[in-house]
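Some notes on the structure that comes next.
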Amino acid sequence: MNVVTAIDSMKGSLSSIEANQIIAKVFTEQGHIVKEIAIADGGEGTVDAIVKNSNGQKIEAKVHALNGQLVTAEFGWFNFEKLAVIEVAAASGIQYLDGTKTTHPLNTSTYGTGELILAAIDQGAQTIVIGLGGTGTIDGGMGLLSALGVAFFDQENQLLPVKGSSLGKIAHVSAEHLDSRLSGVSFHIASDVTSPLLGDTGAVYMFGRQKGLAENELNNYERGMKNYQEIISGTKESVAGDGAAGGLGFAIRVFLNGSVRSGFEFISEQTGLEEAIKHADLVITGEGKIDNQSLQGKVPVGIGRIAKKYQVPVIAFVGSFNGDHQLFYEEGISVIIPIVDRITTLEEAISEAKRNLQTAALRTLDLLTLMKK
């Protein structure tokens, strides 16, 4: 049996590469042919997936995390194409949040992601793909733009600090010192988030709580973001995707003329995913959690839709599932299998993910073998 395994990372426990290796070992030991495809949707694991599948390399750079701490971050580099692939999560990721005042959205920024862009340009990048996902910031891209040379001033013409609390104070901006090299770089946003910058499904109201905003802080923060939008773009309108990564999609589109495309589709093309699925007998995918929101375009659903075109069955291994099985069946996922097989805490489930996935794969293979007898 020809098997394609393309499992998304299970946050905090397994990378896409690690999860695929577990599946490959179980199935190859029983004589099956397995093709491993590292996969992501623009968020955490995007650089690893593209570098592994396309023979790129990782470049390290010293940048500032969302809390101002100096850290080492990586970006993917493909010398022949002069292409850099950056994960916003590398410098501005939710993993840096610690629940303290220092990492509250009012005090954080995406400055470090801007520094990664400069590092990529120093490397010679002519095309930069920015994966938006897994961020812990809601600064509308203010920090990123500041790193690239944009300055923000209040009504008294005082330079504002680069952090979320400044959004509502911005009166005008200056791009006088914007890095001139940016004009020679083509920017592409890899994201599967279609939220606008403002409103109920925007950067603040939709994602603010998970990044540290209290319920009673949302309205005021939204007003600050609205001011920022009007000053930066001169309009009250935004487009789908502007709210991705705490508003980074907006900043990259407006200031860097970035084009938006599905992160999953981008990586699918880079990895030859559809061609591999076309010739497979079985596809295995999965991620940490699947619920009805996943139907908007998460990795397992995207894979299911491709497999459905070629009538290839799909098994999805997940840490947890909370949704309507029928809806996922209609999208091409044949069966969803939770890998946790006993009552456990979240911490235990994360620490035991490798064993749980291996056990689930072995049981599934036993069932497949039994059906053929």
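The values are calculated or read from the model by the stated rules, or taken from the named source; none is laboratory data. Bear in mind the structure is a predicted one, so any value in this text is a computation, not a measurement. Counting neighbours? That spans all protein chains shown, and the Cβs are built from the backbone with ideal geometry, glycine included. Note: areas computed on protein heavy atoms with side chains; ligands, DNA, RNA excluded. Shrake-Rupley method; radii C 1.70, N 1.55, O 1.52, S 1.80 Å.
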Problem set entry | Distance between the stretch 356-373 and the stretch 209-278 - C-alpha centres, whole angstrom | 40 Å
For this session: Using only the alpha carbons of the chain, determine the length spanned along each of the three principal axes and report them from longest to shortest in whole angstroms.
Result: 80, 48, 35
Seminar exercise, completed: Counting sequence-distant residues (5 or more places) and residues on other chains, those with an amide H built under 5 Å from that of Lys289 are Gly319, Ser320
Problem set entry | Those lysines that a straight Cα-Cα span of less than 16 Å connects to Lys236, excepting residues fewer than 8 apart in one chain | Lys226
For this session: With a 10 Å radius around each residue's Cβ, average the other Cβ atoms per peptide and rank 177-185, 299-307, 131-139, highest first.
Result: 131-139, 299-307, 177-185
For this session: Excluding residues on the same chain fewer than 8 positions from Lys278, give the aspartates and glutamates whose Cα lies under 15 Å from its Cα.
Result: Glu36, Glu269
Problem set entry | Distant alpha-carbon pairs in the stretch 90-234 (separation over 27 angstrom), percent | 20 percent
For this session: Counting only DSSP beta bridges with both residues in the chain, tell me the antiparallel percent, nearest 5.
Result: 35 percent
For this session: At 1.4 Å probe size, with every protein chain present, just tell me what the per residue accessible area of the chain comes to in Å².
Result: 45 Å²
Seminar exercise, completed: Computed ³J(HN,Hα) along the stretch 138-146: with the Karplus parameters 6.51/-1.76/1.60, θ = phi - 60°, integer Hz and x for glycine or proline, the list is 9, 10, x, x, 4, x, 4, 5, 4
Seminar exercise, completed: Length-normalised contact order of the chain, Cα under 8 Å, at least 6 apart, in percent, tallies to 17 percent
Exercise. Remind me, what semi-axes does the stretch 201-345 give for its equivalent ellipsoid, largest first in whole Å, using sqrt of 5 times each Cα gyration tensor eigenvalue?
Worked result: 35, 22, 11
Seminar exercise, completed: Kirkwood-based Rg/Rh on the Cα set of the stretch 1-126 evaluates to 1.07
